[in-house]
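Q: Below you will find the structure I want to go over with you.
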Amino acid sequence: IPYKDFRYLDKTKSDDILLQDYPNYTKYKLTTITDADYASDADDRMSQSGHVTLLNNNIISWSSKKQKCVALSTAESEYISMSEGIKSAIYFRNLLTEINYDTSVIDLAGDNKAGLTLSSHKTQHQKSKHIDIRYHHIRDLVAKKLVKINYVNTKDNIADMLTKLLDTTTHQ
């Protein structure tokens, strides 16, 4: 899956950035790819979240579900989806550690640069201060070098099929 280290795409000029160098990869590599479809339910305007968790590029888990709150922006919707996806990856990281399989940093990939920016900066801004604190655990994981933020182009995002209907060609 072609994704790029978000450090090289983040254009935000700020001293509060959490992105940094990471340790080398080990034999077991966990990746979580996330996506969200903002306000997709016409009745209650809740968004749809989806994530795929991979171990050495093999799918080991996936999820698609409606978010439990109404997101006020696409960035917030994507951020919530990233939060859910990283919880799944942490579960598998803990499981692998318990059976003595060493894993490296978890790669978290998403296709929304605003959501990725929220997860990689430690300060609140006027446009994001309404976001519930429970989703900010991603920032802590990034600061502890447990999660690496990556960008994946929308057309390459495999979690896209978990959030919306796709035409046959795109799905295949």
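Q: What is the set of long-range amide H partners of Ile60 at a cut-off below 5 Å, with H atoms built 1.01 Å from backbone N?
A: So Ile60 has HN proximity to Thr53, Leu54, Leu55.
Q: Once amide H atoms are built 1.01 Å from N in the peptide plane, which residues 5 or more positions from Gln67, or in another chain, come under 5 Å H to H?
A: Ser47, Gln48, Ser49
Q: If we count every other residue with Cβ under 11 angstrom of Leu54's Cβ, Lys/Arg +1 and Asp/Glu -1, where does the sum land?
A: 0
Q: Moving on to the next point. Cys69 to Glu98: extension gain in nm, 0.36 nm per residue of separation minus the Cα-Cα distance?
A: Extra length available between Cys69 and Glu98 comes to 7.1 nm.
Each value in this text was obtained by applying a stated rule to the coordinates, not by laboratory testing. The model shown is predicted, which means the values in this text are computed figures rather than measured ones. For neighbour counting, all protein chains shown are included, and Cβ atoms are generated from backbone atoms with ideal geometry for every residue, glycine included.
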